[in-house]
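The values are calculated or read from the model by the stated rules, or taken from the named source; none is laboratory data. Every value quoted in this text rests on a predicted model; they were computed, and no experiment measured them. Methodologically, a virtual Cβ is constructed for each residue, glycine included, from the backbone with ideal geometry; neighbour enumeration extends over all protein chains shown.
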Amino acid sequence: QVQLVESGGGLVQAGGSLRLSCAASERSFSSYTMAWFRQAPGKEREFVAAVTWTGGDTYYEDSVKGRFTISRDNANKMVYLQLNSLKPEDTAVYYCASRPTPGWRTAPSFYNYWGQGTQVTVSS
């Protein structure tokens, strides 16, 4: 069982930045596709970004392109999401997710393991 633990959320003003971290427990983490999702109140969970196991390929939801950056550190079993130029509409609980096989999808059902989430609140 893979355990994912997110941290780094908080309250920030519009235009500000945050860095989310996700720590993984699995020794074979380096072979996993990792992703970030978010869920705002009353809305479905939505894809934010994904990174392949090498870290060489990244994918983003259109509304965060150019503002968010996903990265990973396989040696330390960490994945990060840098959030810049934050907007009030970015307010949500952000979740780290993983899948122990290659490939990526935007559908939450594609991912096998999830963290508990970290709250990001952007004030206007």
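Considering only residues that are among the hydroxyl-bearing types (Ser, Thr, Tyr) and within 15 Å of TRP53 (Cα to Cα), look in region 1-41 and name the one that is modelled with the lowest pLDDT. It comes out as SER28.
Hey, any hits in region 44-58 for a residue that's closer than 16 Å to VAL93 by Cα, out of contact with any Gly (no Cβ under 8 Å at 6 or more places or on another chain), loosely packed, with under 14 Cβ neighbours inside 10 Å and of a type outside the set (Val, Ile, Thr)? Scanning region 44-58, I find at least one residue that is closer than 16 Å to VAL93 by Cα, out of contact with any Gly (no Cβ under 8 Å at 6 or more places or on another chain), loosely packed, with under 14 Cβ neighbours inside 10 Å and of a type outside the set (Val, Ile, Thr), so the answer is yes. For region 59-99, a residue qualifies if it is of a type in the set (D, E, K, R) and either under 28 Å from ARG27 (Cβ atoms) or surrounded by fewer than 16 Cβ atoms within 10 Å (Cβ to Cβ) (or both), and the qualifying residues are ASP62, LYS65, ARG67, ARG72, ASP73, LYS77, LYS87, GLU89, ARG99. Among the residues of region 11-22, those that are surrounded by 13 or more Cβ atoms within 10 Å (Cβ to Cβ) and either acidic (Asp, Glu) or over 13 Å from ASN84 (Cα atoms) (or both) comprise SER21, CYS22.
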